[in-house]
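Inspection log for the structure reproduced underneath, given as structure tokens.
We did not get these values from a lab; they are worked out from the coordinates using the rules stated. Quick caveat: nothing in here was measured; it's all calculated off a predicted structure. Virtual Cβ from ideal backbone geometry, glycine too; neighbours counted across all protein chains shown.
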Amino acid sequence: MAIYPEITNRAVVITGAGAGIGEAAVRAFYSQGAHVFLLDIDRKKIEDIAKDLGDRAHAIQTDITDPKAVLSAFEAIDQMGHGVDIFINCAGGYQKLLTVEKMDLEEWDQTIALNLRAAFLCCQAAIPRLKKSNAGRIINVTSISGRTVHAASSPAYGAAKAGVTQLTRFLAYELGPFGITANSIAPLTTLTPRVAALRSEEDFQRIAAQVPLGRLACVDDHVSAMLYLASDGAAFVTGVALDTNGGRVMM
Ligand SMILES: NC(=O)c1ccc[n+]([C@@H]2O[C@H](COP(=O)([O-])OP(=O)(O)OC[C@H]3O[C@@H](n4cnc5c(N)ncnc54)[C@H](O)[C@@H]3O)[C@@H](O)[C@H]2O)c1
């Protein structure tokens, strides 16, 4: 993976840090010398990762759908005195593959809350902190499901992720005058434990066959994009939805 010396000592807050793409991002930013703040609802997972990494990793348990919990988490970060330079909103997902016709309101509301409401709450809390940085960055993780319709996904999830893409553009517009960039990345199906449990081997082969680059994504595909967007070289890139989906979005 590329080395970005400017990321050393920057303070990076990552939600969904306890598993999958978020955990991989934590490990990558830590290895670049950053201070990393791991936000996740699962205390044990983030405490284990922080312990495994070392002194620059800090686990903060929080439910990102809860406004009070989000504010407390950012206040806990304030107390550690490193500020916030980079905010990566990675927590998200869905539990059930359902059509619009079959989806119950509870599943709809929970999926919108985890993917869209939480992005709003966390970005809103991050903004005043990012304004104090001289290299402020917001990176929201969306999905190919919010960029185009591909077979059997969750309509609530796709709608929420499309909402996060547009929220990111508003953030780019509002925060540009403060030198803060806001971008999103849109992954394709990535073999994390959650996704492996949701889909069959047949699904994976079918999805890979629809990708111009001929394979599913791996976590490093997304983490490389995050590191680039966080780097000084991306200082003039804002409002972008970066398709880390092997060209699937064109099909
Ligand atoms: N894995 C994929 O195939 C894929 C594809 C496209 C987009 N994405 C997106 O990438 C992101 C990461 O996906 P993943 O599969 O790596 O995730 P994951 O399911 O492996 O991990 C998500 C983490 O978020 C945490 N979390 C869940 N609810 C939370 C809450 N309310 N508050 C705080 N933390 C909470 C979980 O404990 C878990 O550690 C998500 O936004 C997802 O929508 C993933």
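Cβ crowding within 10 Å ranks 168, 148 as 148, 168, fewest other Cβ atoms first. Close Lys pairs in the chain (alpha-carbon distance under 26 Å; sequence gap of 8 or more, or different chains): 11. Relative contact order (percent) for the chain, with alpha-carbon contacts under 8 angstrom and 6 or more residues of separation? Relative contact order here is 19 percent. Distance from the Cα centre of region 181-249 to that of region 26-70, in angstrom? Answer, in whole Å: 22. Helices meeting the span-like rule in the chain (full DSSP H runs, Cα extent of at least 24 Å along the helix axis, mean Kyte-Doolittle score of -0.5 or higher): 155-175.
Stretched out fully, how many nm does the piece from residue 51 to residue 209 gain, at 0.36 nm a residue minus the Cα gap?
Working: separation 158, 0.36 × 158 = 56.88 nm, distance 3.96 nm.
Taking residue 51 through residue 209 to full extension adds about 52.9 nm, to one decimal.
What's the local net charge at residue 9, with K and R +1, D and E -1, over the other residues with C-beta under 14 Å away?
Summing Lys/Arg as +1 and Asp/Glu as -1 gives -2.
Under the shape rule built on the C-alpha gyration tensor, where the axes satisfy a ≥ b ≥ c, region 100-157 is oblate, since a/c reaches at least 1.5 while a/b does not exceed b/c. Taking other residues whose beta carbon is less than 15 angstrom from the beta carbon of residue 163, and scoring Lys, Arg as +1 and Asp, Glu as -1, yields +3.
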